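Inspection log for the structure reproduced underneath, given as structure tokens.
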Amino acid sequence: MKITKKEATLFKESHNRYLSESSFLAKLFTRAVKKGIDKDPNISNAIKRADTAIDKARAEIEMKLNGDKDEIKKAIPLSVRKYLGFKY
Amino acid sequence: MANDKQIENQRELNALQRLTMSMTGDMSSMMDDIIVSSDKRNKALKEDATITKQILADLKKTGDVNKTIAQIGTQIGQSKNKEYGVNQKSASLYQSQLIAIRGITTGQKEAAKAAQGVFDVTDEISSKFNSVLDNIDSFTKKIPIIGPALSNAFAPLKEKGELAISRATDGMKNGFIRQLTKAKKAGDGFATSFSKGIKGGVSGATKAISGTLGMSTALVGTLLMAVGIGVLLYAAFQIGAKRFKEIDAAAKSFRQETGLLNSQMGDLKSNIESISLEMGTLGVSSADVANAAGAFSNEMKGTSMASKGVLTSMVAIEKSFGVSAATQAKVNNTFQLMSGASDITAQKMIQTTIAAAELAGVAPAAIMQDIAENAEAGLMHFRGSTKALAEAAIEARRMGTSIGETAKVAEGLLDFESSITKELELGAMLGTRVNFNKARALAFEGKTVEAQKAVNVEVSKLGDINKMNMYQKQALVDATGMELTSMIKQQSIAKKFKGIDDDRLEAANSLLDTGMSINDMNDEALVKEAKKLGAQKAMQSEMDKMANNTSALGASISDMFMPIATFLMPLLNDLYEMVNFILLPVFGLIGTTFKIIFGVLSAILRPIFALVKALVGAIMEPFKVIFDAIRPIGEHFEELGPKLVKGMEPVISFIKMLGKAIIPIIGMFVGDLVDGVVGAFKLIFSVFEAAYNFIDKYLIQPITSMINLIQRGISAIASLNPFGSSDSNQLQSGGSIDDGIVQGGKIISTHPEDTLIATKTPDSLLSNIAGGISGVVGGLMGGGSSDAQIVAKLDELITVMGANKDVYMDGRKVTAGVSSTVDKIGSNSYSLV
């Protein structure tokens, strides 16, 4: 079903109150969550360790294969390369 | 055992894990390639790749990342020292793959930890939000009276809130994982991916909540419900407070009437409440109950309080039979004293007496009034029998008399000597035999009503009382001890109603026989009896009944809400006390502070003001002297005003009259205008008068006094004028100065016609003048005349001068010259008048 612009405007207007209302509650909620996440050191440490792990893996692979991109491409599939932060 | 939340979280984490699995799947394929492509001459690479493949398969199966990381780490370490021979080049690729697998799994492990952290935080916030809703609900439920209703009103809002929070939680987790995975797949680092994940979570939460529509509607509904309940509660409080106030006022009136204290009231307050409610349909109010309690307590001299049963009975009888509470209290006391019964039993006797009176066809209120007013006679003649007293009261009433009167007759009969004498006198007067012996015997037995009856029988034998002469009537009154009117009335009743309703009297007496026993009855039974008695509503009209029923309904509604007031009033009082407790010291402190501040200020400012005052005084002292000096001028001005106005009154009156005459139509307005003009004139004239008088007093009068003095002298000299004229204008001119007296070339006098006297011996002038005046006057009067004649002539002269007539002296007009001189100086103060 396709709706016209007019119908879309009408829908928006009629639901604006609810959207605003939900937006307010969502802001309240997500702000509290974000604050909680920022305050949690375990989360930030985990992220750091994850980044360190993939950085280290990438560096070791490049060193192992002497930075030969073709060899790397041959050894590591694209999805993994992306995951590990290879730009190729 | 994992709960729903953990399962849900794991499901979300699986999305992240799927990415890892997808990559490890790719890596497993790479292992297959290694296994297939490795040279068979050295089996080490194939064997290692096979092991790696198995590790990845286990990971896929168990999801145990830590084990995989450990195993892959071991493999990496072992492969470094292994000799892969012909497969060495492939071994480098394999080793790179091992490193990649370790990177993926380590990343997965840490990402999972971070995601779990996000989930935990989200769950914690969600839990906090829900606990806020729970706390509101719990608090609402605890609010007295309206709590459950408010909680019910809050329920839809709570439900919507919980739903919204639940959806936001799920949205947050889902959005986070999706965005994190997407970013990671796209090759972003973990930090970037995590940030995008959070954004995704926020977006997911917002979208999820948008499904929970109508939160505000629920909120408004809840608030309206709360406001509505609040309004209703307030209204209910007001209704309850009215009832509370009514009962409190009734109790207060009782205390004021009896002098008893709050602590001495016992259950009275609750009795007032319950009785006024239970007997409301009879029109009984709290005040009625309190009044009955007060009357009872006062009658008993504060020694006992009316029980609930007695009070119920009292108000029921009062409303239903019109017997006042005070009367009932007196009768109750009399019955107690006569029979030794309790107040409850005495009240039951009252009920019986009333029922008997009703049965006998006499007014219960009159019976009770009779008993109450003749308590002493009751105690004296009825030998402690309340039944006899009640019977006598009813019988006496039926006869048209009262127990008070019958007792009086009985007492008269028992005064033997006097009674018999009067009896004989009556017999002698009427010429017949009168015998009150039977009555006397009955009176002696305490049967006062029967004695009265016996007297009535004897009296009836004497014929029509009205036909007796005055002396006979007086003898009859003396012999019977009865009022004449009462005697005639009783005789009339006896004739009219002889034998009528005797059965009713018998029935009433039977009722008294059974109902006046002194067996104590309990309070509850009395309440029941009282309610039955009250239910008769014997004296109420239909309108009364309707009004009372309405009132009772109102009282019951008020009573229903009174607990709110009863609950809140002490709380409010406590609150006020608390506020006072807090505020009074605060106010005291503030007061002390003010005292200190203003005390210090006063100490500083007072010397300053004293100094300024002294300086101003010193400066103003010269001005004060000046003001004091000129004050008399002002006083003179004040004095002049009324004088001038008085002088101007004719003019003012004329102006007024003129104004009224010219413009009569304008009437009052013009009058006012004229008054205004007159007032203005007065003001102007008073100013002019003041100025004039000032000038007059301080300038003209001194000058004129001086001139006057001179003129008197001149006048005196003028009167010596040999030419008979005193007016210089009328004197003939002497011409040039050459005809004057000149000595040494200086003029010492003019021509003798120009002057009065020219002398070379001025010292002798005064004696000459005196002699001259005497001569002139003597000559004028013809000489030899007495002083009286002179005075008479002078008086005549004065009169003539006062009348402004001309005076002639030797044919010449004297007054014309005088008047002319007066005109010149502007005053006639020196004239003869």
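The values are calculated or read from the model by the stated rules, or taken from the named source; none is laboratory data. As the structure is a prediction and not an experimental result, all values here were calculated from the model. When we count neighbours, we look across all protein chains shown, and the Cβ atoms used for this are built from the backbone with ideal geometry, even at glycine.
When you check B:Asp48 against the structure, is it part of a helix (DSSP H, G or I) and touching a residue at least 40 places away in the same chain (Cβ under 8 Å), yes or no? The answer is yes for B:Asp48.
Quick check on the stretch A:25-54: of everything there that is among the polar types (S, T, N, Q) and under 18 Å from the mean Cα position of the chain (by Cα), which residue is farthest from B:Asn130 (Cα to Cα)? Step by step, filter the stretch A:25-54, then rank; the result is A:Thr52.
Take the residues in the stretch A:72-81 that are more than 7 Å from every other protein chain (Cβ to nearest Cβ) and surrounded by fewer than 19 Cβ atoms within 10 Å (Cβ to Cβ); name whichever of them is nearest to B:Ser22 (Cα to Cα). The extreme case among them is A:Leu78.
In the set B:Phe561, B:Phe594, B:Phe609, only one residue is at pLDDT below 75, assigned to a helix (DSSP H, G or I), over 30 Å from B:Glu391 (Cα atoms) and hydrophobic (A, V, I, L, M, F, W, C); that residue is B:Phe561.
When A:Leu84 is tested against (1) within 12 Å of B:Ile99 (Cα to Cα); (2) more than 7 Å from chain B (Cβ to nearest Cβ); (3) touching a residue at least 12 places away in the same chain (Cβ under 8 Å), just one condition goes unmet, and that condition is (2).
Checking each residue of the stretch A:9-29 against the condition of being at pLDDT 90 or above and more than 8 Å from chain B (Cβ to nearest Cβ) gives no match. State whether the residues of the stretch B:42-58 include one that is within 14 Å of chain A (Cβ to nearest Cβ) and acidic (Asp, Glu). Checking the stretch B:42-58: not a single residue is within 14 Å of chain A (Cβ to nearest Cβ) and acidic (Asp, Glu). Criterion applied to B:Thr386, B:Thr448, B:Thr421 was being without any contact (Cβ under 8 Å) to a residue 12 or more places away in the chain and of a type in the set (Val, Ile, Thr), and the one residue passing it is B:Thr421.
Each row is one residue, and each column tells you yes or no for (1) outside any loop (DSSP other than H, G, I, E, B); (2) surrounded by fewer than 24 Cβ atoms within 10 Å (Cβ to Cβ); (3) touching a strand residue (DSSP E or B) at 6+ places or on another chain (Cβ under 6 Å); (4) modelled with pLDDT of 90 or more.
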{"residue": "B:Glu257", "(1), (2), (3), (4)": "yes, yes, no, no"}
{"residue": "B:Ile272", "(1), (2), (3), (4)": "yes, no, no, no"}
{"residue": "B:Ile275", "(1), (2), (3), (4)": "yes, no, no, no"}
{"residue": "B:Phe296", "(1), (2), (3), (4)": "yes, no, no, yes"}
{"residue": "B:Gly302", "(1), (2), (3), (4)": "no, yes, no, no"}
{"residue": "B:Thr312", "(1), (2), (3), (4)": "yes, no, no, yes"}
{"residue": "B:Val323", "(1), (2), (3), (4)": "no, no, no, yes"}
{"residue": "B:Ala326", "(1), (2), (3), (4)": "yes, yes, no, yes"}
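Confirm whether B:Glu124 is among the acidic types (Asp, Glu), in a helix (DSSP H, G or I), out of contact with any Asp or Glu (no Cβ under 8 Å at 6 or more places or on another chain) and closer than 27 Å to A:Lys82 by Cβ.
So B:Glu124 fails the test.
Scan the stretch B:45-89 for residues that are more than 17 Å from B:Ile104 (Cα to Cα), touching a Phe, Trp or Tyr at 6+ places or on another chain (Cβ under 9 Å) and hydroxyl-bearing (Ser, Thr, Tyr) and jot them down. Within the stretch B:45-89, B:Ser79, B:Tyr84 meet the criteria.
Going by what's in this entry, would A:Glu62 be described as facing chain B (nearest Cβ under 8 Å), surrounded by 14 or more Cβ atoms within 10 Å (Cβ to Cβ) and either under 18 Å from B:Ile99 (Cβ atoms) or not hydroxyl-bearing (Ser, Thr, Tyr) (or both)?
Against the criterion (facing chain B (nearest Cβ under 8 Å), surrounded by 14 or more Cβ atoms within 10 Å (Cβ to Cβ) and either under 18 Å from B:Ile99 (Cβ atoms) or not hydroxyl-bearing (Ser, Thr, Tyr) (or both)), A:Glu62 does not qualify.
Residues checked against (1) within 15 Å of A:Ala75 (Cβ to Cβ); (2) at pLDDT 90 or above:
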| residue | (1), (2) |
| --- | --- |
| B:Lys67 | no, yes |
| B:Thr74 | no, yes |
| B:Gln97 | yes, yes |
| B:Gln108 | no, no |
| B:Ala115 | no, yes |
| B:Asp123 | no, yes |
| B:Ser126 | no, yes |
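Selection within the stretch B:94-149: residues that are of a type in the set (Gly, Ala, Ser) and touching a residue at least 24 places away in the same chain (Cβ under 8 Å). The member of this set that is farthest from the other protein chains (Cβ to nearest Cβ) is B:Ala149.
Residue by residue, here is whether (1) hydroxyl-bearing (Ser, Thr, Tyr); (2) touching a Leu at 6+ places or on another chain (Cβ under 7 Å); (3) more than 30 Å from A:Arg49 (Cβ to Cβ); (4) at pLDDT below 75 holds:
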residue	(1), (2), (3), (4)
B:Thr181	yes, yes, no, no
B:Lys184	no, yes, no, no
B:Asp188	no, no, no, no
B:Ser195	yes, no, no, no
B:Ile209	no, yes, yes, no
B:Val220	no, no, yes, yes
B:Leu223	no, no, yes, yes
B:Val227	no, no, yes, yes
B:Val231	no, no, yes, no
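For the stretch B:412-456, which positions are among the small types (Gly, Ala, Ser) and either surrounded by 13 or more Cβ atoms within 10 Å (Cβ to Cβ) or part of a helix (DSSP H, G or I) (or both)? B:Gly412, B:Ser418, B:Ser419, B:Gly427, B:Ala428, B:Ala439, B:Ala441, B:Ala443, B:Gly446, B:Ala451, B:Ala454 - these are the residues of the stretch B:412-456 that are among the small types (Gly, Ala, Ser) and either surrounded by 13 or more Cβ atoms within 10 Å (Cβ to Cβ) or part of a helix (DSSP H, G or I) (or both). If you go through the stretch B:159-188 and pick out every residue that is surrounded by fewer than 17 Cβ atoms within 10 Å (Cβ to Cβ) and within 10 Å of chain A (Cβ to nearest Cβ), you end up with 2.
Of the residues making up the stretch B:617-654, those that are exposed (fewer than 13 other Cβ atoms within 10 Å of the Cβ) and either among the small types (Gly, Ala, Ser) or outside any helix (DSSP H, G or I) (or both) are B:Gly617, B:Ala618, B:Ala629, B:Gly634, B:Gly647, B:Ser653.
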